[in-house]
Amino acid sequence: MAESTGNRRYDPDAEHAFPDERVNEVLAFVERDEEIQAYLEAQNVNPVTRMRYNDHGEKHIEIVLNRALCLYDLLKRGGVEFNGARDQGLEEADEAVILALAAKLHDIGHVVHRSDHTYYSIPLAADVLDRILPEFYGIDGQVRVKGEVLHAILCHHTEEVPLTREAGVIRICDGLDMERGRSRNPYERGGRGINTVSSQAIQRVSLHEGEDIPVHVEIEMTDAAGVYQVDSLLKAKLDDSGLEDFVRIVALNTRSENELVERIEL
C-alpha cells in the first residue's frame, strides 16, 4: 500500500500491514458478481437522476472501498487494534473482508429511496451476503461476518454509533468521498444544492501516514463553500467513529487570498 493515496486503487499485489489473501479472494469474486454490478448501476438512479444529488453508484463505491482499505492499512501500520472480527472470534484476515463487503454494499438501499437508504440497505445486503459468504465460510463464520458487515452498513449514515472500528472506517470513508468529480453530473444538470456546490469546492483528498498520529487526511479546497463538506458532513462522520484519536483531518484553502477560511483541523 502506498504511503499516501488520493483516488488510486487498492492494489491486491502490494504489501499490506494486514493478511490480505482472503480479502483479495472475496474482492475478485465480488467484482465478477452480476447482481452486485447491477445494483451499482441501479442504485444511482434515485439520488442522481431523480433527485440531482451527488453520485452514489459505481464510482462512489470504488472510492469508499479503496479509501477504506487504505485507511485500514495505515491504522494497522500505526498499531491500531480492531475489535469487530476479534469480538466474534473471527480471524484478523476477516477484518478486511468485513470492510470490503460493507464498502461494496453500504448504499444499495438507494434502489428503494435516498431517504432512509441505510435501513433499506440492510435487507438487500443481507440477501447478497447469504449468497456470497457460503463460498468462503462455514455456517458459524457466515453468521458472524454477516452481522459485522451489516453493523458497518447500518452505522455509516445513521445516528447509531459504531461499536467496532471496522464500522468506524466505513463511516469515515463514506464521508471522504467529497471531491468535485462526485457532483459533476448533478452540477452540470443545474443542481445547486449545498451538497453539490460544496463538493465542487473540494479539489483533492489524500491519506498519509501521520507523524504523531497514525493517519493524516489532507483536503484541498478552492473555495470556502467546501467548509460544509468538511465541518458539517465529515466532522459528523469522524465524531463517535471510535477512531477520533487516530485520524487527523486538515482542510486547506488553496486559494486563501481574501477568503474567510484558510484552514480547518478536525
Original post:
For the peptides 123-136, 94-107, what is the packing order when you average, over each peptide's residues, the other Cβ atoms within 10 Å and list the highest mean first?
Top reply: 94-107, 123-136
Subject >> region 37-86: GluC sites (Glu not before Pro) in DSSP loop, at most 15 other beta carbons within 10 Å >> reply: 81
**OP:** Determine the distance separating the Cα centre of region 110-162 from the Cα centre of region 5-57; give it in Å without decimals.
**Re:** 15 Å
Original post:
Where the centroid of each part is defined by its Cα atoms, how far is region 204-244 from region 91-105 in Å?
Top reply: 22 Å
Subject >> Overall form of region 41-153 per C-alpha gyration tensor (a/c, 1.5; a/b vs b/c) >> reply: oblate
**OP:** With a ≥ b ≥ c taken as the square roots of the eigenvalues of the C-alpha gyration tensor of region 13-94, please select rounded if a/c is under 1.5 and otherwise prolate if a/b is larger than b/c or oblate if it is not?
**Re:** prolate
Subject >> Sequence-distant lysines (8 or more away, or on other chains) whose Cα lies within less than 25 Å of residue 146 >> reply: 59, 76, 104, 237
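Read-outs: derived from the displayed coordinates by stated rules, not from any lab. All of these numbers come straight from a predicted model, not from anything done at the bench. Every residue, glycine among them, receives a Cβ derived from its backbone with ideal geometry; neighbour counts consider all protein chains shown.
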